[in-house]
Amino acid sequence: MTSHCQEIEEEQMSRIEKGDGNGCHGGIETVICTSPGIVCLTQKLIAEIIGTYFIIFSGCGVVVVNVLYDGIVTFPGICVTWGLIVMVMIYSTGHISGAHFNPAVTVTFAVFRRFPWYQVPLYIGAQLTGSLLASLTLKLMFTLTPKAFFGTTPSDSSGQALVAEIIISFLLMFVISGVATDSRATGELAGIAVGMTIILNVFVAGPISGASMNPARSLGPAIVLGRYKGIWVYIVGPFVGILAGGFVYNFMRFTNKPLRELTKSASFLRSVAPKDNDSNSTKS
């Protein structure tokens, strides 16, 4: 959808340069037609709100259901639910907004010049809005007990939870960078790869830290339910891990470019070099 928005903007600029104007006749239509960038940005923000909403609603909702209904879902079921809902939302909205759903991912994309900085606050605001709305929905739907808290808190020490969040967030961004930003990867498999990564991360770190990997995922429930124990872990950990994962993958991709160029050059030289048979026949 980003490329479609760019096409709209280029077409609009072409019309203006030709003196055709905006092609509208007045009223609100004129405002919309003269601001295609605003329309596209609004679509992206709506997609981020909806995507984040359903990720938190489904992922946190299954936690509540599992507690209130005597473990009917089970821990593996919770892990799979988190991975599936992320995968579904990536395929549903990825072509519109890029399917960030995570402030740390948005900031990391901006750091590596894959996302405009001026949109970062808007994206983060949309993600937090989706998380807050989903958390509020769950609070209104269920009669929550203290055990049914669907936020994230360290199960043991904050240090242990912080290390877990950094490691799993690193892996998440490393996979995202590989399947979603590298042109050599198969982009159609991005949703599956990211979803499977989240399932694995929740399996490993869920009992330790809750496997947040996302400041919006932790802040929404914490604000709605008023429980902030160890909340700094779920802000610092994902940002550190995701930035590190993005840096490592981009470093690998950068250092791989000369190797690719050398390989292409070598292949070209082999293709134009005279063969031994040809040289022998010439001499004879």
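FYI, it's all coordinate maths here, none of it is from the lab. Remember, it's a predicted structure, so these values are computed and weren't measured experimentally. When we count neighbours, we look across all protein chains shown, and the Cβ atoms used for this are built from the backbone with ideal geometry, even at glycine.
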Highest average packing first - 177-184, 128-135, Cβ atoms within 10 Å: 128-135, 177-184
Among residues other than ILE56 whose Cβ falls under 15 Å from its Cβ, what is the net charge (Lys/Arg +1, Asp/Glu -1)? +1
Once you put a point 7 Å from the Cα of TRP117 and another 7 Å from the Cα of LEU144, both along the Cβ direction, what distance in nm separates them? 3.7
Take LYS139, LYS147 and order them by how many other Cβ atoms sit within 10 Å, fewest up front. LYS147, LYS139
If I model a spin label at ILE72 and MET196 as a point 7 Å from the Cα along the Cα→Cβ vector, what separation in nanometres do I get? 3.1
Separation of the range 111-152 and the range 222-251 by C-alpha centroid, Å? 13
If R₀ is 45 angstrom, what is the calculated FRET efficiency for the pair LEU136 and PHE254, using the beta carbon separation as r and rounding to 0.05? 0.55
Segment ALA110-TYR228, extension gain: residue separation times 0.36 nm, minus the distance between their alpha carbons: 39.7 nm
